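Some notes on the structure that comes next.
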Amino acid sequence: MPNLTDAQRDEIDQMSHFELCRAWRFGKPGDPLITGLAGDYLCRRLQALGGFTPAMSRKIGWDVA
């Protein structure tokens with residue numbers, strides 16, 4: 001599993017809750033920010049900010065009917 005780079009950590013740390021949710025939901029397969037250790041870090045950061053809620057899913061354009 002590739003290491004988490006300082007640049008990836010900085011990019012993830014600067015992302016808002018909305019941006020993290022959008023990256024996780026709509027990221028392309030193999031995107032280095034949502035795979036490997038960077039993906040693990042992004043997921044932990046997302047959870048620390050409240051994770052996915054139905055309201056956040058609607059906000060990023062995901063139907064939660």
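Every number here is computed from the coordinates shown, using simple stated rules; none is lab data. If you're wondering where the values come from, they're calculated on a predicted model, not measured in any experiment. Methodologically, a virtual Cβ is constructed for each residue, glycine included, from the backbone with ideal geometry; neighbour enumeration extends over all protein chains shown.
Length gained on full extension, Glu19 to Ala55: 11.5 nm, using 0.36 nm per residue less the C-alpha separation.
Angle of helix 36-48 to the longest C-alpha principal axis of the chain, folded into 0 to 90 degrees and rounded to 10: 40°.
If you run the Gaussian network model on the chain, springs between alpha carbon atoms under 10 Å, then out of Ala48, Ala23, Ala38 the most flexible one is Ala48.
The chymotrypsin sites (Phe, Trp or Tyr not before Pro) of the range 2-65 meeting both criteria, a DSSP state outside H, G, I, E and B (loop) and at most 15 other C-beta atoms within 10 angstrom of the site's C-beta, are Trp62. Averaging the sequence gap over all C-alpha pairs within less than 8 Å and six or more residues apart, then dividing by the number of residues, gives the range 6-59 a relative contact order of 41 percent. Between Leu49, Leu33, Leu20, the Gaussian network model of the chain with springs among Cα atoms under 10 angstrom shows the greatest mean-square fluctuation at Leu49.
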